[in-house]
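Working notes, structure below.
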Amino acid sequence: MRISAKGRYGLSAMIYLAQNSETTECISVLKVSEFLGVSKIYLEQVFALLKKADLVVSIKGSSGGYQLSRSSDHITSFEILNAIEVTLFEATENALSDSASYINTTLESMLWSKLDEKVKGFLNTVTLSDLVTESSKNQNGIEYMYFL
């Protein structure tokens, strides 16, 4: 399975928002862009999709920006990816001839739909809070690395 850059940036931006959600301040796209090293224009597209999926709220004005729409332990990685990766869980099209449609039906029922359900199930078990916790562990490991 290959997640697009947009999907990876969306997950990363949501982790950053969640890490900085203790304050009631909004986080600007520019701040996220600078931290992640990602194009501001590209992130604006990502945030538009996240907002459309009700995962973030936007506040307009000079101190505006984005905030999570709900607690990070109530947002799953599936919700984030599903908002951004529009074609991730689309039904597989029949690529075979009519005479071989039974093979396509077999593949759909035995593989593709079951694989989609397993992936969805797994992604629904990983919350944004889980990603933040793991990210903090990884960040701490980097900060305290000493070389002699």
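Please find, among LEU131, LEU96, LEU88, the residue that is open to solvent by 40 Å² or more (accessible area, probe 1.4 Å), in contact with a helix residue (DSSP H, G or I) (Cβ under 8 Å, 6 or more places away or on another chain) and in a loop (DSSP other than H, G, I, E, B). Outline the logic, then answer.
Details: LEU131 fails: in a loop (DSSP other than H, G, I, E, B); LEU88 fails: open to solvent by 40 Å² or more (accessible area, probe 1.4 Å).
The match here is LEU96.
Can you tell me which of THR23, THR105 is assigned to a helix (DSSP H, G or I), over 18 Å from the mean Cα position of the chain (by Cα) and free of Cβ contacts under 8 Å to residues at least 60 places away in the same chain?
Working: THR23 fails: assigned to a helix (DSSP H, G or I).
Criteria check complete, one pass: THR105.
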- prompt: Looking only at residues in region 57-78 that are without any contact (Cβ under 8 Å) to a residue 40 or more places away in the chain and either under 11 Å from the mean Cα position of the chain (by Cα) or open to solvent by less than 40 Å² (accessible area, probe 1.4 Å) (or both), which one is farthest from GLU25 (Cα to Cα)?
  reply: SER58
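In this structure, does SER101 turn out to be loosely packed, with under 14 Cβ neighbours inside 10 Å, of a type in the set (Ser, Thr, Tyr) and either over 15 Å from GLY7 (Cβ atoms) or out of contact with any Ser or Thr (no Cβ under 9 Å at 6 or more places or on another chain) (or both)?
Working: loosely packed, with under 14 Cβ neighbours inside 10 Å: yes; of a type in the set (Ser, Thr, Tyr): yes; either over 15 Å from GLY7 (Cβ atoms) or out of contact with any Ser or Thr (no Cβ under 9 Å at 6 or more places or on another chain) (or both): yes.
Taking the combined requirement at face value, the residue satisfies it.
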- prompt: What pairs come up if the first residue lies in region 108-126 and is in contact (Cβ under 8 Å) with a residue 24 or more places away in the chain, the second is of a type in the set (A, V, I, L, M) and part of a helix (DSSP H, G or I), and their beta carbons are under 7 Å apart, counting only those six or more places apart or on different chains?
  reply: LEU123/LEU81
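Would you pick out the residues in region 26-56 that are outside any helix (DSSP H, G or I) and open to solvent by 20 Å² or more (accessible area, probe 1.4 Å)? Talk me through it step by step, then tell me what you get.
Of region 26-56, the ones outside any helix (DSSP H, G or I) are 26-28, 37-39, 53-56.
Across region 26-56, the qualifying residues are CYS26, SER28, GLY37, SER39, ALA53, ASP54.
The values are calculated or read from the model by the stated rules, or taken from the named source; none is laboratory data. All values derive from a computational prediction rather than experimental measurement. Please note: Cβ atoms are built from the backbone with ideal geometry, for glycine as well, and neighbour counts cover all protein chains shown. Keep in mind that these areas ignore ligands, DNA and RNA; they rest on the heavy atoms of the full protein, side chains included. Shrake-Rupley method; radii C 1.70, N 1.55, O 1.52, S 1.80 Å.
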